[in-house]
1. Which condition number in (1) touching a helix residue (DSSP H, G or I) at 6+ places or on another chain (Cβ under 6 Å); (2) buried (at least 24 other Cβ atoms within 10 Å of the Cβ) is the one that residue 74 fails?
2. Regarding residue 65, is this residue of a type in the set (Asp, Glu), under 28 Å from residue 183 (Cβ atoms), within 11 Å of the ligand (Cβ to nearest atom) and part of a helix (DSSP H, G or I)?
3. I'd like to verify a number: residues in segment 1-24 that are out of contact with any helix residue (DSSP H, G or I) (no Cβ under 9 Å at 6 or more places or on another chain) and either modelled with pLDDT under 95 or more than 16 Å from the ligand (Cβ to nearest atom) (or both), how many?
4. Test each condition in (1) surrounded by fewer than 18 Cβ atoms within 10 Å (Cβ to Cβ); (2) within 23 Å of residue 109 (Cβ to Cβ); (3) within 18 Å of the chain's Cα centre (by Cα) for residue 47 and report the one that comes out false.
5. If the requirement is being part of a helix (DSSP H, G or I), under 27 Å from residue 70 (Cβ atoms) and either within 14 Å of the ligand (Cβ to nearest atom) or touching a Leu at 6+ places or on another chain (Cβ under 7 Å) (or both), which of these qualifies: 155, 118, 132?
6. When segment 141-164 is examined, which residues are found to be exposed (fewer than 12 other Cβ atoms within 10 Å of the Cβ) and modelled with pLDDT of 95 or more?
7. When segment 29-62 is examined, which residues are found to be away from the ligand (no atom under 12 Å from the Cβ), among the β-branched types (Val, Ile, Thr) and not in a helix (DSSP H, G or I)?
8. Could you list, in sequence order, all residues of segment 68-114 that are over 21 Å from residue 14 (Cα atoms), in a helix (DSSP H, G or I) and touching a Lys or Arg at 6+ places or on another chain (Cβ under 8 Å)?
Amino acid sequence: MRGKFITFEGCEGVGKSTQLRLLKDYLEKTSQPAIFTREPGGTEVAETVRSLILNSGFEISPLVEAYLFASARADHIEKVIKPALERGEIVICDRFLDSSIAYQGFARGLGVEKVLDINREAVAGCMPDCTIFIDMHPAMSWRKQNGKTVANDRIENESREFHDKVYSGFKEMAARESRFVPIIPSADKLETHAKIIAALKERGIIA
Ligand code: TYD
């Protein structure tokens, strides 16, 4: 028996966390147990790698960055995602492999193939059934959340050009992969939530 694996992707500040919270409430209300987790993170090892990548202040090359994300992912899949899917549960993950493709592959310039090669063993065939892509251009979202002008970490702190490349990466993946569901967010977060629920129901992922 295999559960369902849903990932959420998108650029910084597009309202992913709000939508994840609304989805969590919906699944609780409708008695559909699900595990909510995030990348990089989800295990002690992966959370430690997360702070190394995002907040250590170390200089990290694009290649090493890609390996660090992949190592965090390997631990997360092995300890959390795979066992839960094998138990038949719904797993919802805030970012996954597609973030590595968009950020390290496109924006850092490593290329899609290299990022896929680095991640092949880490992912071990454990791919999402559905990827909700919150499709909002950085021109609309970048550092606008809460009027924030200072970034939280070394990736968020990259230039507008970098984040524009991340967006192009996601758009290209969305055009290529049928598991991608682009959701154009409405001004009303509940309207966006309704679009996400409808898309997941339509695909038989949730009830
Ligand atoms: P996070 O605070 O989770 O960002 P957000 O709230 O926007 O989701 O930080 C994760 C950062 O790491 C984010 O800038 C995206 C980046 N990232 C990668 O570059 N590659 C990856 O494989 C993953 C999972 C995240």
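The values are calculated or read from the model by the stated rules, or taken from the named source; none is laboratory data. All values reported here derive from a predicted model rather than from experimental measurement. No Cβ is skipped: glycine too gets one built from the backbone with ideal geometry, and neighbour counts run over all protein chains shown.
1. (2)
2. Values: of a type in the set (Asp, Glu): yes; under 28 Å from residue 183 (Cβ atoms): yes; within 11 Å of the ligand (Cβ to nearest atom): yes; part of a helix (DSSP H, G or I): yes.
Judged against the criteria, residue 65 is a match.
3. We begin by selecting, within segment 1-24, every residue out of contact with any helix residue (DSSP H, G or I) (no Cβ under 9 Å at 6 or more places or on another chain); these are 16-17, 20-21, 24.
Now narrow it down to the ones that are either modelled with pLDDT under 95 or more than 16 Å from the ligand (Cβ to nearest atom) (or both): none.
Matching residues across segment 1-24 total 0.
4. Residue 47 satisfies every listed condition except (2).
5. Details: 155 fails: part of a helix (DSSP H, G or I); 132 fails: part of a helix (DSSP H, G or I).
Going through 155, 118, 132 in turn, the sole match is 118.
6. We begin by selecting, within segment 141-164, every residue exposed (fewer than 12 other Cβ atoms within 10 Å of the Cβ); these are 146-147, 149-150, 152, 159-161.
Residue satisfying the conditions is 161 alone.
7. 30, 35, 43
8. 72, 85, 86
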